[in-house]
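To start, the structure under review is shown below, and the notes come after it.
Throughout, read-outs are computed from the coordinates displayed, never taken from laboratory work. This one's a predicted model, so the numbers in the text were calculated from it and none came from an experiment. Glycine also receives a Cβ, built like all others from the backbone with ideal geometry; neighbour counts cover every protein chain displayed.
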Amino acid sequence: MDTASYLVHRFGTSLVVLTGVSIITYGLLFLTPGDPAEVILSQQLDRQPSEAEIEAFRAEQGMDEPVPLQYGDWLTDVLRGDLGTSYYSDASVTGLILDALPLTLELAAASVVVALALAIPTGVLSAVHRGTAIDRASQLGALIGVSMPNFWLGYLLILVFALTLGVLPVAGAGSYSQLVLPAITLGTGMAAVLTRLVRSSMLEVLDEGYLDTARSKGLRERIVIYKHALRNALVPVVTILGVQLGALLNGAVVIEIVFQRPGLGMLLVDAVFERNYPVVQGITLFTAVAFVVTNLLVDLSYRYLDPRVELGGDPA
Amino acid sequence: MDTAPTRRQLLTAGVGAGIAGLAGCAETSLDDEADGTFTIVPTADPTGTGDDWDSWGGMAPYWTRVIEPLVWGTDGMQPQPWLATDWTATDDTTWVFDLREGVTFHNGEEMTADDVVHSFEEDILTDRGDFVHGWLHLEPGSVDRIDDYTVSFETTEPFPGFPGTIAHNMIDIQPPEADRRDAEIIGTGPFTLAEIEQGQQLRVERFEDYWGGAPEPTELTFRAAEDATTRTDLLVAGEVDLIHEPATSRISGLRERDDVRIETQQSSGSVFVSINIHREPTDDADLRRALNYAISQEEIVNTVLENIGQPARGPLSTVIDWAADEELPAYERDRDRARDLVSQSSYDGEEISCLVENDMDDGRTLVQILQEEFGKINVNLDVEVLEGPSLRDRTDRGEFHLELGTSQSNSPAADYIMWENFHTMGISNKDLYEADGTGLHNLGGEVDELIETGFQSHDPDEKREAYVAAQREIMDAGVVIPLFYREYVVAADAELEGFDLHPIDKFAQWGELTRTT
């Protein structure tokens, strides 16, 4: 399949996925128990609203129309780039997302750096020293990293680095020092997954004949491993990095609460507790789009990373 | 000679730089604050969440003392002169307020009656939702200027609780130049708004021309940390000076520290089980009394709350001056008597439902205790933990027997708690009463009359007498099972002095904060 056909195919499937996500996220409004209008007004007024107030709110928010019509209106607005308005203020959902996004992106980027910085050397060492104590220690570390709840690790890091050693702040956002602990917390789980992947990928590559050729040319072992073997072993890592974006955003929800970082995760949690459905729907859709686009980019990047890969071709 | 650094040297330098960077971070983040600046962490985000009612362009006025109302509240939950120095009811529905002279807004202008009329007519009564009309008993067009320092209010019906009701952080006075939606907050309070970092912190500065005298602190930072553990860690790390509500599990540890002091304050809130008296079998007063005799409030306070709270005998916090406690029947735990009452009642072993909201503090633990204790007097409790909307759906339809709930007032006028819960025309009861002549917690008849007397009385003694009598009737009939009066906890740097806590936590004053060293 050529690149253009592949793009059309992927764009089509992505559209199907996003339509499904939009229907599910919009349906959330009607699946949750209780009358959303009543719930929202109760929270806004801090008392039970009257029937007249509830009716007025429904009319104002277009909640008195048939559900398919409401969905159609919402989708039309979304396609125009308008994700709606928060129930609790005049703020646009798009604006709220864009305000919160930089902090989450900063956290995600820092976490990826932490994850790669931990995973690549550990995975390579583990593969090169296969079956040794180094390998077993690295695998145990990866197991612990995967198993440990990230909020627990967060509190543990706060205990050590903020409360005991006093070298880093407990929480907050805005400075690099406040990014260190959340990035390590979020990056550690991803590092554990990547370490295993780098190890297995390296083990496959290390048996390849071209490495022997490189050695026979007199290249130093470090060059053979890090320049020739690792470059090829990293192709599957790129795939997993794309998939891990979802995990990063999931993790950010908890991490942003623990470290009081007002990013997308915290915005989502607040919106869920407030039943601020336009915000919940907006963030969910935005996340889905980000996920789909990232995966598309990852797939496209294969061809450049490994020219042998045929887009849309059979795995065999 | 080759002077290029080796890989090892580069790595060493990198590690060294990293450590130096960490140390640098520590220095910048943990700098000692200059004298006169303090950092406070409330339970809610002081920059709000964009909520139109609770957050004005990013500032939640509840905590910050930037804006002020006409009336404040005393520690005894009585209306207290503030921007208004006096008020009089000139007839059943007319209130005349005398304004304090010499009050300066943060923009340098003097506050006059025009600003009060503007605040109510152009903002409070027109821009915050229709619910304000029912709450304040005021409609737009009901506030008039009499002269520069006198304003009249015409309530929609006789409303003696009006001064106490407007003693609320949100019923504030601002000049026409202010725009609360865009964080153009021009208040009269001891602090002026300096900076908002959305979702992180809010900084205010001393207002030198404050009518009550310039406050001690030069600057206050209200920092966001909604997670109790994070709040506690911030205090322990020395990053903040005072936190509201540390994590319950950490309080005993904090008490043992020399560098932290703990203060508790009884709040205007209480926790109780309200009983549906119009549904079988809890329509039987003997069964309701039996349930009351099954519970030890002291044990709950000692075990579940770690002594943060007061055992309750009535449904309202005793900081409210007309709330009854000693005057009420004492249902101390007496399982034999409870079992006798159960056998006298119409109860025949069926399950009684008990609803609790999923995010209520200690809610699940409390209903577990109720389940165990009721089991010991042979009453089966079926606990249902529900989300707020589902719970309200059930209670609106009267489809429950017991509900674990709370009451709380954010203004000195707590009359509405009695009205809404126990009067037949209160929000809890009205719809069901009008639909089928029932309700939820309304005894009707004499209790309704007593509540009406208390609600309409201008005489504090008469008001108290009526409300106490109503509460006695309610407790005699076992309409509620009181559990505890709430207390809240503040933890602060041991060197901090001058914080003035209030039964309404959002009324705390920060004007006299100082450090001992």
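Before moving on, here are some points about what is shown:
- All lysines inside 30 Å of A:Lys217 as judged from Cα atoms, apart from same-chain residues fewer than 8 positions distant: A:Lys227
- For B:Ile352, the residues whose modelled amide H falls within less than 5 Å of its own, excluding neighbours fewer than 5 places apart on the same chain, are B:Asn380, B:Leu381, B:Asp382.
- Under the simplified labelling scheme, the A:Leu165-B:Glu326 pair shows an inter-label distance of 5.8 nm, with each label point 7 Å from Cα along Cα→Cβ.
- Think of segment A:13-82 as a dipole: +1 on every Lys or Arg Cβ, -1 on every Asp or Glu Cβ, centred on the Cα centre; then among A:Leu29, A:Leu69, A:Leu79, A:Leu79 lies furthest on the positive end.
- Angle in degrees between helix B:363-375 and the longest Cα principal axis of chain B, rounded to the nearest 10: 30
- For B:Lys376, a cut-off of 18 angstrom between C-alpha atoms picks up no lysines at all, skipping any fewer than 8 places away in its own chain.
- A helix-only calculation puts chain B at -8000 deg cm²/dmol for mean residue ellipticity at 222 nm, using -39500 (n - 2.57) for each DSSP H run of at least four residues, averaged over all residues.
- Angle between chain A longest axis and helix A:264-274 axis [Cα atoms, degrees, rounded to 10]: 30
- Degrees separating the helix A:277-305 axis from the principal Cα axis of chain A, which is the longest one: 20
- Once backbone amide H atoms are built at 1.01 Å from N, B:Leu99 has B:Thr85, B:Thr150, B:Val151 as its partners under 5 Å, excluding neighbours fewer than 5 places away on the same chain.
- Charge dipole of segment A:13-82 (Cα centre as origin; +1 on each Lys and Arg Cβ, -1 on each Asp and Glu Cβ, all else neutral): 360 debye, rounded to the nearest 20.
- Per residue, the convex hull spanned by the Cα atoms of segment A:13-82 measures out at 100 cubic angstrom.
- Annotation for segment B:243-316: GluC sites (Glu not before Pro) lying in DSSP loop with at most 15 further Cβ atoms inside 10 Å of their Cβ are B:Glu256, B:Glu306.
- Exposure here means at most 15 other Cβ atoms within 10 Å; with trypsin sites (Lys or Arg not before Pro) in a DSSP loop as sites, the longest stretch of chain B lacking them is B:1-256.
- Point-charge dipole on Cβ atoms (K/R +1, D/E -1) for chain B, about Cα centre, debye to 20: 1860
- Calculated FRET efficiency for the pair A:Ala52/B:Gln368, C-beta based, R₀ 35 Å, to 0.05: 0.30
- Positive-end residue, the protein assembly as shown charge dipole about Cα centroid, Cβ charges, pick of A:Tyr176, B:Val240, A:Thr188: A:Thr188
- GluC sites (Glu not before Pro) restricted to DSSP loop in segment B:75-178 with at most 14 other C-beta within 10 Å: B:Glu101, B:Glu109, B:Glu177
- Between segment B:251-307 and segment A:117-146, the alpha-carbon center distance in angstrom: 52
- Only the Cβ atoms of Lys and Arg (+1) and of Asp and Glu (-1) were treated as charged; on that basis the dipole of the protein assembly as shown about its Cα centre amounts to roughly 6600 debye.
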